[in-house]
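Have a look at the structure below before the remarks.
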Amino acid sequence: MKRYFFDVSDGWHDPDRVGTELADDQAARREAIRFASDILRHEPHRLEEARMRIDVHDLERTVEFVIEIRMQTLGAFQAD
C-alpha cells in the first residue's frame with residue numbers, strides 16, 4: 001500500500017495533510033476522480049474561480065498526476 005495525498009487548488013490552496021493509503025496508481029486515479037466528483041456535487045461554489053486543480057502526490061511530494069477542471073464562458077450561441 002502506498003499513501004497518496006490529494007491537494008486542491010481553487011483560488012485557495014487546500015493541502016491534504018493526512019493522505020489515503022491505496023493499492024496502486026490506478027486506485028489513486030479512481031479515488032481522485034471520485035474526490036473531484038464529490039467536491040463538484042457538494043461544493044459547486046468551489047469552481048467559481050473558473051478552475052479547480054487536484055494534485056495527487058506521494059510522501060516525497062512527487063506529483064503522480066493532476067486533475068484540472070475549468071469553466072469557460074463562451075460567447076452567445078448562434079443557431080444556423
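Shown here: percent of Cα pairs over 20 Å apart, derived from the displayed model; of the candidates (1) 37; (2) 33; (3) 47, it corresponds to (1). Between VAL18, VAL66, VAL56, which gets the highest mean-square fluctuation from a Gaussian network model of the chain, Cα cutoff 10 Å? So, out of VAL18, VAL66, VAL56, the one fluctuating most is VAL18.
Please compute the per residue accessible area over the chain with all protein chains in place, 1.4 Å probe, rounded to a whole number of Å².
Details: 5930 Å² over 80 residues.
Averaged over the residues of the chain, the accessible area is 74 Å².
Here the chain exposes an accessible surface that is 49 percent carbon and sulfur, computed with a 1.4 Å probe and the other protein chains kept in place. Extension gain for ARG29 to MET1 (0.36 nm times residue separation, less C-alpha to C-alpha distance): 8.6 nm.
Which value at 222 nm does the chain reach when only helices count, each DSSP H run of 4 or more adding -39,500 (n - 2.57), with the total divided by all residues and rounded to the nearest 500 deg cm²/dmol?
-7500 deg cm²/dmol
Counted residue by residue at 0.36 nm each, then reduced by the alpha carbon distance between them, the extension gain from GLU60 to ASP16 reaches 14.5 nm. Among residues other than MET52 whose Cβ falls under 15 Å from its Cβ, what is the net charge (Lys/Arg +1, Asp/Glu -1)? Result for the local shell: -4. Report the net charge of residues surrounding ASP10, where surrounding means a beta-carbon distance below 13 angstrom and charges are Lys +1, Arg +1, Asp -1, Glu -1. Within the 13 Å Cβ shell, the charges total -3.
In the neighborhood of ASP25, defined by Cβ-to-Cβ distances under 9 Å, what is the net charge if each Lys or Arg adds +1 and each Asp or Glu adds -1?
Overall, the nearby charge balance is 0.
The values are calculated or read from the model by the stated rules, or taken from the named source; none is laboratory data. Bear in mind the structure is a predicted one, so any value in this text is a computation, not a measurement. All Cβ positions, even for glycine, are placed from backbone atoms using ideal geometry, and neighbour counts span all protein chains on display. Accessible surface areas use protein heavy atoms only, side chains included; no ligands, DNA or RNA. Shrake-Rupley method; radii C 1.70, N 1.55, O 1.52, S 1.80 Å.
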